[in-house]
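First up is the structure itself, then whatever we jot down about it.
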Amino acid sequence: MSVPAPSPELLGGPCLPQRRELRTAVPGPRSLALAQRRSAVVAAGLSSALPVYAAAAGGGVLVDVDDNSFVDLGSGIAVTTVGNSAPKVVAAATEALSRFTHTCAMITPYEGYVRLAEELAAITPGDHHKRTALFNTGSEAVENAVKIARHATGRSGVAVVDHAYHGRTNLTLAMTAKNMPYKDGFGPFASDVFRAPTSYPFRDGADLDGNPVDGPAAARRAIEHLERSAGAERLAALVIEPVQGEGGFIVPAPGFLAEIARWCADHGIVFVADEVQTGVARTGAWFASEHENVVPDLITTAKGLGGGLPIAAVTGRADLMDSVHPGGLGGTYGGNPVACAAALAALDTIREDCLIDRARAIGDAAGGRLRALAETDPRIGDVRGRGAMLGVEFVRPGTHEPDPGLAKAVAGYAHRAGVIVLTCGSFGNVIRLLPPLTIPDELLHDGLDVLAEALEAAR
């Protein structure tokens, strides 16, 4: 079913034309000047994917300071799911900003915090009693989910899987798999973190007996590894992305997540779904866990939740969340009132503009185009994803050998041609597409045309 993008007056931004248009080379002179200023004052460790500087954004475009209009297939890494400067988000945040910017929810709380917790209880999987605590970033949410699980179980161990990405704090870096650029030189990291193999259908192949490693088999492999390396009785939590993000947009084989969740339930291990990137309509459901009929004990959200403003949450079983003593959870800015207002407006926008259906339509359209390319180009090893979260894995033709150079070349060509795409993957060989759900069909297909041109140019 074709689901159109919202009408132009709902796209947000300063009435931006929804088209790709380059008025200068990329980067243009104003961006080059800003880059020179930046090099004098911004830490070198903070890099950027594109050498251009944003001036405005909305719908499916981003306009730089040189008046170049780019097709946005990145959404600020899945943050602007409802579009940048979405009208309802802007209006709600502006109204909240005019009343008060901060009181600290731990001192004098406010209705917006309560309303957002009510919303999250309603939309997260499961009909059990739930509680929520709000934070600022995905890393904070994941770290607090681990704190809650440890406090509730009295155990210390944390299980994660290969290719995982969970954040940039010390604990979440320990949980993250990839060394460069995230971990290198920043240790030592938190202890009691145990890593297991995951389900990576494109690379799993067969077991030693020649049987395919399907979802249940991959789950058994992970469980056996954790029982040997940690022991189920030692684990407080198993934290997993239902679709892995930075690790390569890996969709596990059917049955993998459900089998892991069952094992956790059997052994009193808290099953935590890290839905920081996958959550809030991105995959064509409120949460990616729903695609596998999995009900997490705890679920973490951020990114798309705030419509562009920083906010994050841990939502989960009331008995787990309430096990922590008063004062044990919190933070000065957690659940900022302006960010709460923006989040509530973002959720309203998703409902009113049917953006969950729109995510599925984007996935069908873009996935179809990408799979058609894969049929004729042996350098595309795999096309995968859910909804408007799609990945293209590049390999040496006829092999499974990763080709990060091709991914870099395709992304670079796209950037110079006016299309924002991002790379990812443990091997750096995946192009990921995360368009805002407000992107018009014509703009989406224009961006995909450029990707096809980039592949041809890289032959």
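So here's what we get for this one:
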item	result
Condition met for G284 (touching a residue at least 40 places away in the same chain (Cβ under 8 Å), on the phi > 0 side of the Ramachandran plot and surrounded by fewer than 24 Cβ atoms within 10 Å (Cβ to Cβ))	no
Lone unmet requirement of (1) closer than 20 Å to A133 by Cβ; (2) within 18 Å of the chain's Cα centre (by Cα); (3) surrounded by 24 or more Cβ atoms within 10 Å (Cβ to Cβ) for G248	(1)
Which numbered condition A145 fails, given (1) closer than 27 Å to F427 by Cβ; (2) out of contact with any Cys (no Cβ under 9 Å at 6 or more places or on another chain)	(1)
Selection status of A312, touching an Asp or Glu at 6+ places or on another chain (Cβ under 8 Å), farther than 19 Å from T198 by Cβ, surrounded by 23 or more Cβ atoms within 10 Å (Cβ to Cβ) and at pLDDT 95 or above	yes
Selection within segment 352-373 - touching a residue at least 12 places away in the same chain (Cβ under 8 Å) and small (G, A, S)	A359, A361, G363, A365, A366, G367
Meets criteria (within 30 Å of A341 (Cβ to Cβ), in the same structural domain as L173 (by TED's automatic domain parsing) and either within 16 Å of the chain's Cα centre (by Cα) or of a type in the set (F, W, Y) (or both)) for D274	yes
Positions within segment 92-144 being touching a helix residue (DSSP H, G or I) at 6+ places or on another chain (Cβ under 8 Å), within 12 Å of A339 (Cα to Cα) and not in a loop (DSSP other than H, G, I, E, B), in sequence order	A92, A93, E95, A96, L97, G112, Y113, L116, L134, F135
Sole residue being in the same structural domain as W286 (by TED's automatic domain parsing), β-branched (V, I, T), surrounded by 13 or more Cβ atoms within 10 Å (Cβ to Cβ) and more than 23 Å from R317 (Cβ to Cβ), chosen from T132, T153, T198, T124	T198
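To keep it simple, each residue is scored yes or no on (1) surrounded by 18 or more Cβ atoms within 10 Å (Cβ to Cβ); (2) acidic (D, E); (3) out of contact with any helix residue (DSSP H, G or I) (no Cβ under 7 Å at 6 or more places or on another chain); (4) at pLDDT 95 or above.
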residue: S7; (1), (2), (3), (4): no, no, yes, no
residue: C15; (1), (2), (3), (4): no, no, yes, no
residue: T24; (1), (2), (3), (4): no, no, yes, yes
residue: S39; (1), (2), (3), (4): no, no, yes, yes
residue: V71; (1), (2), (3), (4): yes, no, no, yes
residue: A78; (1), (2), (3), (4): yes, no, no, yes
residue: T81; (1), (2), (3), (4): yes, no, no, yes
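The values are calculated or read from the model by the stated rules, or taken from the named source; none is laboratory data. Remember, predicted model here, so these are calculated numbers, not experimental data. Note that each Cβ is placed from the backbone with ideal geometry, even for glycine, and that neighbours are counted across all protein chains shown.
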